[in-house]
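Asker: Provided herewith is a single structure, encoded as structure tokens, for subsequent inquiry.
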Amino acid sequence: MIHHRKHLSERGPKIRRLFALALTCFVLLVSGPSILAQVHLLVDHVGYEATATKKAFVGVDENASLQDAPDHFALIDTATSKVVFTGTLKRVGRVDRWGNRLFLMADFSAWQKTGEYRLEATTVAGQVATCTFAIKRNVLERETLSNVIFYLKGQRASGDIDKADRQLALPDGSGYVDLRGGWYDATGDYGIHLSH
């Protein structure tokens, strides 16, 4: 494959969405009966942009009923342990092929103050909470850009392989072509295939 270069600015919105989705996780603080193991609060571990949409989700396992799900959530400032925002959870339904789990959404977009926070919700069996997460300006850049650049640097074609790519034979035997540079398309995949 011929390696194509894309600027980060062209892929920025897609990378942001993928990271946000990829980095969304299940976090559960179990402190009571078994029903607590059936209710999960899902937050973005990267954090939330201060002035952008901020949503988290509550997942209720298939063995629990809707009555077991919380109906309100609270945003807690971890520095002061005070509730700074509350809201009603909105039922959003089920996700195809994710079992029979029911999801509810917590929207705290109106809260724009930067800091460290956690979400809490009360079920019929007790309290569940998330780990601490950040609300910051430029949170995605601050928390992921260094890792992305490190990965791109590691995937850059270089060394002996780059030297070999300076004179690759054309499949029909009509000559050679210089295809050095670019990035490998997958970890451990160093081949440049002209036959494609």
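Asker: Being assigned to a loop (DSSP other than H, G, I, E, B) and either touching a strand residue (DSSP E or B) at 6+ places or on another chain (Cβ under 6 Å) or among the aliphatic types (A, V, I, L, M) (or both) is the filter here; which residues of the stretch 95-113 pass it?
Answerer: Just the residues of the stretch 95-113 that are assigned to a loop (DSSP other than H, G, I, E, B), to begin with: 95-97, 99, 101, 108-113.
Residues satisfying the conditions are Val95, Arg101, Phe108, Ala110, Trp111.
Asker: So Arg97 ticks every box in (1) open to solvent by less than 70 Å² (accessible area, probe 1.4 Å); (2) closer than 30 Å to Asp185 by Cβ but one. Which box is left unticked?
Answerer: Checking Arg97 against (1) open to solvent by less than 70 Å² (accessible area, probe 1.4 Å); (2) closer than 30 Å to Asp185 by Cβ, the one that fails is (1).
Asker: While we're on this one: Test of understanding: among Leu140, Leu168, Leu152, which residue is of a type outside the set (Lys, Arg), open to solvent by less than 60 Å² (accessible area, probe 1.4 Å), touching a Gly at 6+ places or on another chain (Cβ under 9 Å) and more than 30 Å from Asp71 (Cβ to Cβ)? Talk me through it step by step, then tell me what you get.
Answerer: Numbers: Leu168 fails: touching a Gly at 6+ places or on another chain (Cβ under 9 Å); Leu152 fails: touching a Gly at 6+ places or on another chain (Cβ under 9 Å).
On inspection, the qualifying residue turns out to be Leu140.
Asker: Residues being touching a strand residue (DSSP E or B) at 6+ places or on another chain (Cβ under 7 Å), among the charged types (D, E, K, R) and under 21 Å from His45 (Cα atoms): count how many of those fall in the stretch 138-170.
Answerer: Number satisfying all stated conditions: 1.
One line per residue, one yes/no per condition, for (1) among the charged types (D, E, K, R); (2) at pLDDT 80 or above:
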| residue | (1), (2) |
| --- | --- |
| His7 | no, no |
| Pro13 | no, no |
| Leu21 | no, no |
| Cys25 | no, no |
| Phe73 | no, yes |
| Phe85 | no, yes |
| Arg94 | yes, yes |
| Leu102 | no, yes |
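Asker: Hey, any hits in the stretch 175-189 for a residue that's surrounded by 15 or more Cβ atoms within 10 Å (Cβ to Cβ), in contact with a helix residue (DSSP H, G or I) (Cβ under 6 Å, 6 or more places away or on another chain) and part of a helix (DSSP H, G or I)?
Answerer: Checked against the condition, which is being surrounded by 15 or more Cβ atoms within 10 Å (Cβ to Cβ), in contact with a helix residue (DSSP H, G or I) (Cβ under 6 Å, 6 or more places away or on another chain) and part of a helix (DSSP H, G or I), the stretch 175-189 yields no hits at all.
Asker: Suppose we filter the stretch 49-76 for residues that are closer than 18 Å to Thr122 by Cβ and part of a strand (DSSP E or B); how many remain?
Answerer: Residues that pass the stated criteria total 10.
Asker: Something else now. If Gly126 passes every condition in (1) open to solvent by 30 Å² or more (accessible area, probe 1.4 Å); (2) more than 20 Å from the chain's Cα centre (by Cα) but one, which one does it miss?
Answerer: (1)
Asker: Please determine, by comparing only the residues of the stretch 27-48 that are modelled with pLDDT under 80 and either part of a loop (DSSP other than H, G, I, E, B) or of a type in the set (Ser, Thr, Tyr) (or both), which one is surrounded by the most Cβ atoms within 10 Å (Cβ to Cβ). Lay out the reasoning, then the answer.
Answerer: Here is the first cut: in the stretch 27-48, the ones modelled with pLDDT under 80 are 27-37.
From the residues that got through so far, the ones that are either part of a loop (DSSP other than H, G, I, E, B) or of a type in the set (Ser, Thr, Tyr) (or both) too are 28-34.
On the way: Leu28: 17, Leu29: 15, Val30: 11, Ser31: 11, Gly32: 14, Pro33: 12, Ser34: 10.
Step by step, filter the stretch 27-48, then rank; the result is Leu28.
Asker: So, one more: Take Val83 and decide whether it is part of a loop (DSSP other than H, G, I, E, B) and aliphatic (A, V, I, L, M). It would help to see each step written out before you state the result.
Answerer: Numbers: part of a loop (DSSP other than H, G, I, E, B): no; aliphatic (A, V, I, L, M): yes.
Judged against the criteria, Val83 is not a match.
Asker: Could you check Arg180 against (1) more than 35 Å from the chain's Cα centre (by Cα); (2) modelled with pLDDT of 80 or more and say which number it fails?
Answerer: (1)
Asker: From the list Glu120, Glu141, Glu116, pick out the single residue that is assigned to a strand (DSSP E or B) and without any contact (Cβ under 8 Å) to a residue 40 or more places away in the chain. Don't jump to the end; show me each part of the working.
Answerer: Values: Glu120 fails: without any contact (Cβ under 8 Å) to a residue 40 or more places away in the chain; Glu141 fails: assigned to a strand (DSSP E or B).
Within the list Glu120, Glu141, Glu116, the selection yields Glu116.
The values are calculated or read from the model by the stated rules, or taken from the named source; none is laboratory data. What you see is a predicted model, and the numbers here were worked out from it, not measured in a lab. Using ideal geometry, Cβ is built from the backbone for each residue, glycine included, and neighbour counts are taken over all protein chains shown. The area values use the complete protein model at the heavy-atom level, side chains included, leaving out ligands, DNA and RNA. Shrake-Rupley method; radii C 1.70, N 1.55, O 1.52, S 1.80 Å.
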